[in-house]
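The structure under discussion appears below in the form of structure tokens.
The values are calculated or read from the model by the stated rules, or taken from the named source; none is laboratory data. Just so it is clear, the structure is predicted and the values come from calculations on it, not from any experiment. Positions of Cβ are backbone-derived with ideal geometry, glycine not excepted, and every protein chain shown enters the neighbour counts.
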Amino acid sequence: MEIRRLLTIEDQVLIHGGQPVEPATRKVAAIAVIANPFAGRHVEDLQPLILAGAELGRILAERIVKVLGADRVQSYGKACIVGVDGEIEHSAALMHPTFGKPVREAMGGGAAVIPSTKKIGGPGTRIDIPFFYKDAALVFDYFDAMEVGLPDAPRADEILLALAMADGPRCHARVPGLSKQDAIGEDGMR
């Protein structure tokens, strides 16, 4: 796996809707830009990207945990932009079979599925990373997102992979639904 760039971004919201956010919520994203070994050609066996997904999950999660602290992580999500010479399936190979286990190990848990988005795009393409509460995906206060992108990535033969975590719910969340306190977290949904 050839990594061209690594970037970590911290976004801390102090005032939202004219109201102070206490405690201030932090969202942290870690991004990797890698060479796509299958750019420009169709390949049936995507095992190299599947294996790279585990390593990238570890790298990105460790970068985020270094900023937030494993005990502070409350929600997470992932996203991938494949350069125009690649396929959407390349992002699925990176994000799904092996990516989640090292992410959960780095943060010390997480029962809910790690939500994801994927798309094809070129340099400067932006993508929203969706958030779910880490132990129960249906906790409404944590339905949120963080937009990321880089001006020079992904190039046609690259893939931009991003992981994000937050240490709190959406700012001033007040829509009725399952609360964090009422979530059981056994099945990753409720």
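Here are a few things to note about the model shown:
- Filtered by the rule that a residue be in contact with a helix residue (DSSP H, G or I) (Cβ under 9 Å, 6 or more places away or on another chain) and assigned to a strand (DSSP E or B), segment 158-176 gives Ile159, Leu161, Ala162, Leu163, Ala164, Met165, Ala166.
- Gly86 crowded, with 19+ Cβ neighbours inside 10 Å, in contact with a Pro (Cβ under 7 Å, 6 or more places away or on another chain), touching a residue at least 60 places away in the same chain (Cβ under 8 Å) and not basic (Lys, Arg): no
- Looking only at segment 118-128, residues that are more than 16 Å from Glu87 (Cβ to Cβ), free of Cβ contacts under 8 Å to residues at least 40 places away in the same chain and assigned to a strand (DSSP E or B) come to 1 in all.
- Scanning segment 118-147 for residues that are farther than 15 Å from Ser179 by Cβ, of a type in the set (A, V, I, L, M, F, W, C) and either surrounded by 23 or more Cβ atoms within 10 Å (Cβ to Cβ) or touching a helix residue (DSSP H, G or I) at 6+ places or on another chain (Cβ under 7 Å) (or both) yields Ile120, Ile129, Phe131.
- The single residue among Glu158, Glu186 that is over 16 Å from the mean Cα position of the chain (by Cα) and under 23 Å from Leu51 (Cβ atoms) turns out to be Glu158.
- Contact map, segment 132-151: residues that are hydroxyl-bearing (Ser, Thr, Tyr) paired with residues that are at pLDDT 95 or above and part of a strand (DSSP E or B), Cβ distance under 8 Å, separation 6+ or inter-chain. Pairs shown: Tyr133/Ser75; Tyr142/Ser75; Tyr142/Phe131; Tyr142/Phe132; Tyr142/Tyr133; Tyr142/Ala166.
- Screening the candidates Ala164, Ala136 for the property of being among the small types (Gly, Ala, Ser) and under 16 Å from Ile64 (Cβ atoms) yields one hit, Ala164.
- Hits in segment 90-100 (condition: part of a helix (DSSP H, G or I) and under 17 Å from Met1 (Cβ atoms)): His90, Ser91, Ala92, Ala93, Leu94, Met95
- Checklist (1) within 17 Å of Ala30 (Cα to Cα); (2) over 14 Å from the mean Cα position of the chain (by Cα) applied to Ala173, failing item: (1)
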